[in-house]
Amino acid sequence: MASLTIRNLRKSFGVVEVLKGVDLEANTGEFIALVGPSGCGKSTLLAMIAGLETVTSGEIYIGDRLVNSVQPKDRDIAMVFQSYALYPTMSVKENMAFGMESRGVPRAEQEKTIARVAALLQIEPFLKRKPGQLSGGQRQRVAMGRALVRDPALFLFDEPLSNLDAKLRVDMRTEIKKLHQRIGKTTIYVTHDQVEAMTLASRIAVMHLGEVQQFADPDTVYNRPANTFVAGFMGSPSMNFIDAEITSAGGVPAVNFPLSGGGVASLPLYNGVADRAQSKKVILGIRPEHLSRQSPSNSGKQGIATMSAPVEVVEPTGAETMAVLRFGDREVVGRFSPDEAPKTGENMPLAVDMTRACLFDPATTRLI
Amino acid sequence: MADAVLATNAVEDKEAAIASRRRLVSRIVIYGLLALISIFYIIPLAVVILNSFRTNAEIGANGLISLPNSFRLDAWPQAWNDFCIGGQCEGVARYFWNSVSMVVPATIISTALGAINGYILSKWKFPGSEIVFGCMLLGVFMPGQIALLPWAFLLGQLGLSNSVYGLVLVHCIQGLSFTTLFFRNYYVSIPDDLLKAARIDGAGFWRIFWKIIIPLSPPIIIVTVIWQFTGIWNEYLFGVVLNSGSNQPITAALVALSMSGTTVRTYDVMSAAVLIGALPPLLVYFFGGKYFVRGLTQGAIK
């Protein structure tokens, strides 16, 4: 059953159209991440689901109820804000009780709910404190607690981790995942961080310029990105794009692109992808981790193409080493394990995993 | 080696000594100037206070500005109870209470309305709300005398001519621009997310106002109350033009006092009367001054 269904949703502020016909649905218990760069309309979409922004056109259903003009309080939702938005003059407990008081929940039941949620989030020690006396992580927990006391049909998270420092963010991410696994509520989670989206979501909606570019599970979004925008946005360092041309020398289809020394790299294609291409010109997309050093174990394998390229910059990060390689007039980033990492200036023999490579149509930027 | 260290130390010490001497001199200049300016400001108040305890005869003999050689409290009850103003010998008590019954409701009402206006104009914007705010701002810059005639006419129509209630109404409306501006600017710094969270939590316009906005407001309420209280108490023009006789506030009555052309000028009683008239705003500043400064510089969210 769908907890949330959005059909052809549009939003304009004056003449500026920020959402251009969004379709989305979330099944009960699903964790949907709305991800995209700032200004893509993801937060506006969330605010419209919450009822904090009006709908210009289109439909929003929560459960099977059309909620386009239903007040936020009557939508059976709870929301966690980026700024936490804790009421600064109230104690943690009062913060959590505020919504229940507004809805006229009996005091005894309020106490019971708060005790249960406080235990779940381990915030019992601060129940009497004011938000100003809490650390960022504790505030974050309280903000979630305030949402959890509601037991809503839909949880909305608006970039809840972006105000935390890097380490705490990773910890809280795990906690949110645990929490979702435990309570199993349908969740819509807005983030600009593609790692958060990948790690948390059961499905990801990648948004750009007011449109959903792709709505699929994390694996598909990462490995079969719908277009160059999604491909470039998901993954860090991002996918390398190389202008290339399809040839078929001796019946074997391949992509060719020029190299710096005047030579041409020719990488064979698989899976009949060459037949689907509309034109000879394509954009070849290779993720950094699909480049590796040529070795006897990989060079002869099916689907592995070989070439070599000069190394311009080497950036070790400890666990892995990034290297900037020159492919003709393009810089290409490779991700290598430290023991096979290249040295600056080396002309590195490369093995390219062509089974994982993506081809995009240069005219439409869509995946071929 | 050690000598060199000592030598540089000596040089440093010399420089340090010069610097500290320079610091001392500048301190003396600064504090001297500050003291001078404070004395300059305090002299009028001191003269009036001292004169209220001297006898009129002594003031006549030694001049208005001189140290007292007698001490007497007589002038104070006289000023309060039976000094003659405009032919009525009842002292300033009546006018003092006129002022109190004008300033208290006017301050409370204008502050309350300012808070609600500010809340709406910052957090519940509607199409044209910026224009409304712009128009209200105009009131901040408009001199009161422009409104004198319209007010006289309006109060006449309402049957509030020459009454303290009339002045309450005038000051409520005249003060609204300032109070709205104060609250609106303060509330702008309250994050909108708080209100969104509250709306999702099921709170409406008034519940958000009482439970979230007002608990954040004490600093700006104190600022506004002090501003309104002193402003309305010290206001003179409306009091003297719109009201007459026994319905005037104390500021207007004090002028009548200085013109109550008897042969002898009773400087002692006049001083006491002036002080009685100045006491409430002085006390408000005295007790609320530090909150005033704090409130002006503080945002809503610490």
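List the residue pairs whose Cβ atoms are under 6 Å apart, where the first residue sits in the stretch A:205-227 and is among the hydroxyl-bearing types (Ser, Thr, Tyr), the second is in a strand (DSSP E or B), and the two are 6 or more positions apart or on different chains.
Pairs found: none.
Run down A:305, A:319 and say which single residue is in contact (Cβ under 8 Å) with a residue 40 or more places away in the chain and hydrophobic (A, V, I, L, M, F, W, C).
Values: A:319 fails: in contact (Cβ under 8 Å) with a residue 40 or more places away in the chain.
The match here is A:305.
Quick check on my filter: what residues within the stretch A:268-306 are hydrophobic (A, V, I, L, M, F, W, C) and assigned to a strand (DSSP E or B)? Reasoning before the result, please.
Of the stretch A:268-306, the ones hydrophobic (A, V, I, L, M, F, W, C) are A:269, A:273-274, A:277, A:282-284, A:286, A:291, A:304-305.
Scanning the stretch A:268-306 gives A:282, A:283, A:284, A:286, A:291, A:304, A:305.
For the stretch A:199-249, give me the residue count where each residue is closer than 21 Å to residue A:331 by Cα, assigned to a helix (DSSP H, G or I) and in contact with a Ser or Thr (Cβ under 9 Å, 6 or more places away or on another chain).
Residues that pass the stated criteria total 4.
Confirm whether residue B:301 is of a type in the set (Val, Ile, Thr), at pLDDT 85 or above and more than 13 Å from the chain's Cα centre (by Cα).
For residue B:301, the condition - of a type in the set (Val, Ile, Thr), at pLDDT 85 or above and more than 13 Å from the chain's Cα centre (by Cα) - is not met.
Among the residues of the stretch B:144-165, count how many are farther than 14 Å from residue B:235 by Cα, assigned to a helix (DSSP H, G or I) and of a type outside the set (A, V, I, L, M).
Qualifying residue count, the stretch B:144-165: 6.
Residue check: is residue B:56 in contact with a Pro (Cβ under 8 Å, 6 or more places away or on another chain) and polar (S, T, N, Q)?
Answer is no for this residue.
Between a residue in the stretch A:268-293 that is in the same structural domain as residue A:333 (by TED's automatic domain parsing) and any residue that is crowded, with 20+ Cβ neighbours inside 10 Å and assigned to a helix (DSSP H, G or I), which pairs come within a Cβ distance under 8 Å, given they are 6 or more apart or on different chains?
A:283/A:228; A:285/A:228; A:285/A:231
If you take the residues of the stretch B:106-130 that are surrounded by fewer than 20 Cβ atoms within 10 Å (Cβ to Cβ) and modelled with pLDDT of 95 or more, which of them is farthest from residue A:53 (Cα to Cα)?
Restricting to residues being surrounded by fewer than 20 Cβ atoms within 10 Å (Cβ to Cβ) and modelled with pLDDT of 95 or more, the top hit is B:108.
Does any residue of the stretch B:182-202 turn out to be crowded, with 23+ Cβ neighbours inside 10 Å, small (Gly, Ala, Ser) and away from chain A (no Cβ under 14 Å)?
no
With respect to the numbered conditions (1) of a type outside the set (S, T, N, Q); (2) out of contact with any helix residue (DSSP H, G or I) (no Cβ under 9 Å at 6 or more places or on another chain); (3) surrounded by 14 or more Cβ atoms within 10 Å (Cβ to Cβ), which one is the sole condition not fulfilled by residue B:213?
Looking at each condition in turn, residue B:213 falls short on (2).
Could you check residue A:153 against (1) within 12 Å of chain B (Cβ to nearest Cβ); (2) buried (at least 16 other Cβ atoms within 10 Å of the Cβ) and say which number it fails?
(1)
Take the residues in the stretch A:40-96 that are among the charged types (D, E, K, R) and away from chain B (no Cβ under 12 Å); name whichever of them is nearest to residue A:144 (Cα to Cα).
If we take residues in the stretch A:40-96 being among the charged types (D, E, K, R) and away from chain B (no Cβ under 12 Å), then A:93 is nearest to residue A:144 (Cα to Cα).
Can you confirm whether residue A:122 is without any contact (Cβ under 8 Å) to a residue 40 or more places away in the chain and either more than 9 Å from chain B (Cβ to nearest Cβ) or of a type outside the set (Lys, Arg) (or both)?
When the stated conditions are applied, residue A:122 passes them.
Could you check how many residues of the stretch A:1-59 are hydrophobic (A, V, I, L, M, F, W, C) and in contact with a Leu (Cβ under 8 Å, 6 or more places away or on another chain)?
The qualifying residues number 18.
Output the number of the condition that residue B:64 fails; it satisfies all remaining conditions of (1) part of a loop (DSSP other than H, G, I, E, B); (2) under 26 Å from residue B:228 (Cα atoms).
Exception for residue B:64: condition (2).
Got a number for residues in the stretch A:32-79 being part of a loop (DSSP other than H, G, I, E, B) and among the polar types (S, T, N, Q)?
Number of matching residues: 6.
Just a yes or no: is a residue in the stretch A:256-263 under 21 Å from residue A:224 (Cβ atoms) and not aliphatic (A, V, I, L, M)?
Taking every residue of the stretch A:256-263 in turn, none turns out to be under 21 Å from residue A:224 (Cβ atoms) and not aliphatic (A, V, I, L, M).
Confirm whether residue A:59 is surrounded by fewer than 17 Cβ atoms within 10 Å (Cβ to Cβ) and under 22 Å from residue A:131 (Cβ atoms).
Numbers: surrounded by fewer than 17 Cβ atoms within 10 Å (Cβ to Cβ): yes; under 22 Å from residue A:131 (Cβ atoms): no.
No; evaluated as a whole, the condition is false for this residue.
Every residue in the stretch A:97-113 that is outside any loop (DSSP other than H, G, I, E, B) and either without any contact (Cβ under 8 Å) to a residue 12 or more places away in the chain or within 9 Å of chain B (Cβ to nearest Cβ) (or both), please.
A:98, A:99, A:100, A:101, A:102, A:107, A:108, A:109, A:111, A:112
Show the residue pairs that are 6+ apart or on different chains and have beta-carbon atoms under 6 Å apart, the first residue being within the stretch A:342-368 and free of Cβ contacts under 8 Å to residues at least 60 places away in the same chain, the second being charged (D, E, K, R) and outside any loop (DSSP other than H, G, I, E, B).
none
Looking only at residues in the stretch A:62-97 that are crowded, with 21+ Cβ neighbours inside 10 Å and over 16 Å from residue B:197 (Cα atoms), which one is nearest to the chain's Cα centre (by Cα)?
A:62
Look through the stretch B:227-260, keep the residues that are free of Cβ contacts under 8 Å to residues at least 40 places away in the same chain and over 20 Å from the mean Cα position of the chain (by Cα), and return whichever of them is nearest to residue B:286 (Cα to Cα). First the steps, then the outcome.
Initial filter on the stretch B:227-260 (free of Cβ contacts under 8 Å to residues at least 40 places away in the same chain): B:236, B:240, B:255, B:258-259.
Now restrict to residues that are over 20 Å from the mean Cα position of the chain (by Cα): B:258-259.
Details: B:258: 27, B:259: 31 Å.
Step by step, filter the stretch B:227-260, then rank; the result is B:258.
Suppose the filter is surrounded by 21 or more Cβ atoms within 10 Å (Cβ to Cβ), of a type outside the set (Ser, Thr, Tyr) and either assigned by TED's automatic domain parsing to the domain that holds residue B:237 or at pLDDT 90 or above (or both); does residue B:103 pass it?
Yes: the conditions hold for residue B:103.
Under 25 Å from the mean Cα position of the chain (by Cα) and assigned to a loop (DSSP other than H, G, I, E, B) - does that describe any residue in the stretch A:319-336?
yes
Being in a helix (DSSP H, G or I), touching a Phe, Trp or Tyr at 6+ places or on another chain (Cβ under 8 Å) and either of a type in the set (Phe, Trp, Tyr) or not assigned by TED's automatic domain parsing to the domain that holds residue B:61 (or both) narrows it down to one of B:278, B:198, B:256, so name that one. So that I can check it myself, show each step before the final result.
Numbers: B:278 fails: touching a Phe, Trp or Tyr at 6+ places or on another chain (Cβ under 8 Å); B:256 fails: touching a Phe, Trp or Tyr at 6+ places or on another chain (Cβ under 8 Å).
Going through B:278, B:198, B:256 in turn, just one is in a helix (DSSP H, G or I), touching a Phe, Trp or Tyr at 6+ places or on another chain (Cβ under 8 Å) and either of a type in the set (Phe, Trp, Tyr) or not assigned by TED's automatic domain parsing to the domain that holds residue B:61 (or both): B:198.
Checking residue A:117 against (1) away from chain B (no Cβ under 14 Å); (2) surrounded by fewer than 16 Cβ atoms within 10 Å (Cβ to Cβ): exactly one of these is not met. Which one?
With (1) away from chain B (no Cβ under 14 Å); (2) surrounded by fewer than 16 Cβ atoms within 10 Å (Cβ to Cβ) applied to residue A:117, the lone miss is (2).
The values are calculated or read from the model by the stated rules, or taken from the named source; none is laboratory data. Computed from a predicted structure; not experimentally measured. Cβ sites come from the backbone with ideal geometry, for glycine too, and all protein chains shown count toward neighbours.
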